[in-house]
Structure formats: C-alpha cells, structure tokens
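One structure is given below, encoded as structure tokens.
The values are calculated or read from the model by the stated rules, or taken from the named source; none is laboratory data. The structure presented is a predicted model; accordingly, all values stated were derived computationally and were not measured. Reconstructed Cβ throughout: ideal geometry from the backbone, glycine too, with neighbour counts over all protein chains shown.
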Amino acid sequence: MTDELVRDCRPRSNDDLVRSLAGFPAEVERALDGRPHEDLLKPASDGGWGVVENLCHLRDWEEVFLHRLHQVLEDDHPELLVYDDELWAIERDYRGEDPSKVFEQFRATRKELVSQLEGLDEDGWNRTGQHQSRGDVSVRWLAESVLEHGELHLAQIHDALG
C-alpha cells in the first residue's frame, strides 16, 4: 500500500476537512476550464447525467447541506428531513440551466458553508441532529458527507467530459 493510500484512509482533522471543502470548487473549475459550452450541456456517453445535471445536483444538495448545518448549529438535536431527489433533474429542468450560472451559485453556497464551519470549536463539530434515515449525525458527519458527495459527482463530471 502506498503512502498516498494510507494518508487517504486516515481520518482528516476538522481543519483539513474545511480546507478540502473550500478547495473543492477550484477542482470543479479546473475540470471545466477551457471546455466549450456545448460540452457542458451534452449527456454522458452512457446517456446518464452530463456536466450541467451534475452541477445542478451539486448546487441543490449544497443548499440542503447548508440548511441542515444551520439547523444543527441553531437548534437542539433537530430532525433533519430526507429529500427525494429522484425527480429534481426533471422537475427543476437541469438540462435547461446555464452551467456557468449554476457553478457560480454552487460556489457561493459552498463559500457560505465553509464560512459556517470555519472557527467551530469541538463542541460545534460534535453537535448532532436526527436524520430521518441515518439516525444521529454530527456536524462533522455532515461535512464529510458533503465532501464525499462532491467527490462522487466530480468523478461523474470527469467521466462526462471524457
């Protein structure tokens, strides 16, 4: 096993997690850099989501994550609703969105999320809410979920771009 793999398996500090979250929009931007607008609108080669759908999905879930973070930080052990995102792409017309605008909306929401996480003390990171399907979840769990979710969709963006 390489050192890189060992590092990836080790738990991140809260500061590392915040840095990774803060740096994620730049990773997405690098993936999109220099790509013609038309490439961002095409479906993936397998017919699945292309870039614009992934960007819209990231933007919409970022808003959900930010809302959940506010709930957990402001209320005592709030209930965190489950969202059914299966139809969002159709209901919200993801294919009709402008990828550049969607990315900027995502970036702004991510900036706000990072701002909320920066400077949290250990008590803040350990605050919890009751997720309807996952049970007790902490602020740290929410932040890790945001990062993992983003990485999954960044991989899909790379795949869609070929």
Open item on the list: Residues that are over 12 Å from the mean Cα position of the chain (by Cα), β-branched (Val, Ile, Thr) and exposed (fewer than 15 other Cβ atoms within 10 Å of the Cβ): does region 82-104 have at least one?
Closed with: yes
Task: Every residue from region 77-127 that is of a type in the set (Phe, Trp, Tyr), closer than 13 Å to Trp61 by Cβ and out of contact with any Lys or Arg (no Cβ under 7 Å at 6 or more places or on another chain) - done: Tyr83, Trp88, Tyr94
Open item on the list: Within region 31-107, considering only helices (runs of 4 or more DSSP H) that don't extend past its boundaries, which have at least 1 residues that are closer than 26 Å to Gly129 by Cα and at pLDDT 95 or above?
Closed with: 51-74
- [ ] Could you check how many residues of region 117-126 are buried (at least 16 other Cβ atoms within 10 Å of the Cβ) and either hydroxyl-bearing (Ser, Thr, Tyr) or assigned to a helix (DSSP H, G or I) (or both)?
- [x] 3
Task: Arg110 vs. criteria closer than 27 Å to Ser13 by Cβ and in a helix (DSSP H, G or I) - done: yes
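Results for (1) touching a Lys or Arg at 6+ places or on another chain (Cβ under 8 Å); (2) under 22 Å from Gly124 (Cβ atoms); (3) charged (D, E, K, R); (4) buried (at least 17 other Cβ atoms within 10 Å of the Cβ), shown as yes or no for each residue.
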site: His37; (1), (2), (3), (4): no, no, no, no
site: Asn54; (1), (2), (3), (4): no, no, no, yes
site: Leu58; (1), (2), (3), (4): no, no, no, yes
site: Glu63; (1), (2), (3), (4): no, yes, yes, no
site: Asp75; (1), (2), (3), (4): no, yes, yes, no
Task: Residues of region 35-50 classified as over 22 Å from the mean Cα position of the chain (by Cα), in contact (Cβ under 8 Å) with a residue 60 or more places away in the chain and more than 19 Å from Phe106 (Cβ to Cβ), total - done: 1
TODO: Keeping to region 51-81, report how many residues are under 20 Å from Leu21 (Cβ atoms) and within 16 Å of the chain's Cα centre (by Cα).
DONE: 17
Open item on the list: Exactly one of these conditions fails for Arg7: (1) more than 20 Å from Gln116 (Cβ to Cβ); (2) modelled with pLDDT of 95 or more; (3) not β-branched (Val, Ile, Thr). Give me its number.
Closed with: (2)
Task: Subset of region 127-136 [closer than 16 Å to Glu74 by Cβ and either surrounded by fewer than 18 Cβ atoms within 10 Å (Cβ to Cβ) or touching a residue at least 60 places away in the same chain (Cβ under 8 Å) (or both)] - done: Gly129, Gln130
